[in-house]
Each structure stands twice: as C-alpha cells, then as structure tokens.
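Beneath this line is the structure, given in structure tokens, with notes to follow.
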Amino acid sequence: MNIVADFHNFFFNLFYTNFKLFNYQFDEDKKEIHLFLEPKDNYPQCPICKNHNVVVHEYRHRIVKDGSYNGFQFILHITYRTLVLPRICG
Ligand SMILES: [Zn+2]
C-alpha cells in the first residue's frame, strides 16, 4: 500500500486541486503533520486564456497552518509560482 499516493488521490485532489504532495513529516512531540506541496502541473498555464505561453517569474514559499485532525495540527509548506503573462492577457 502506498500511503502517499492514497493521501494524494483522496485528499489532495479534493482540497488542494492544483498542488501535489512531494514530502511529509510527522512530528509526534509537537503533534504536527507537515505537508510539502508544489504545483501539480509542470507546464504552467495562463489563468485567463489557458495558453502555455507564460514564463515563471519566481518561486515563492509560504507556510500555512491548516486544520487539525485527531489532535495533530496540519502545517502546509507551499511552493507556488508567480507568472509573467503574455502581453495580451497581462
Ligand atoms: Zn492568456
């Protein structure tokens, strides 16, 4: 059984549609579950015209406290992109 894959399929596709889980960490002492997310698609799209003619400007990181489950706090480590859109859309 592949726990990460199951988690990905049944949980992330529901709540974090545009991201995939690339790592996770359980901290028993702090009662924290750390989830490391990055964009799911390798080829980013323009959110307006859906064209792939966009350039990644930079990658940014954000740490977000999410909900808790069974006394464990979920903490999301999100890598996301900012894009330069084609002139016609931006
Ligand atoms: Zn566009």
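The values are calculated or read from the model by the stated rules, or taken from the named source; none is laboratory data. All figures in this text were calculated on a predicted structure; none of them were measured in a lab. Keep in mind that these areas ignore ligands, DNA and RNA; they rest on the heavy atoms of the full protein, side chains included. Shrake-Rupley method; radii C 1.70, N 1.55, O 1.52, S 1.80 Å.
Summary of computed values
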| quantity | calculated |
| --- | --- |
| Solvent-accessible area of TYR69 with every protein chain in place, 1.4 Å probe, in Å² to the nearest 10 | 140 Å² |
| Under-5 Å amide H pairs with LYS20, H placed in peptide plane, nonlocal only | GLU38, LYS40 |
| Ranked order, THR17, THR82 - accessible area, probe 1.4 Å, largest first | THR17, THR82 |
| Projected-area average for segment 35-90 over all orientations - Cα convex hull basis, square nanometres | 4.6 nm² |
| Spatially proximal lysines relative to LYS30 (Cα-Cα < 16 Å; intrachain offsets below 8 disregarded) | LYS65 |
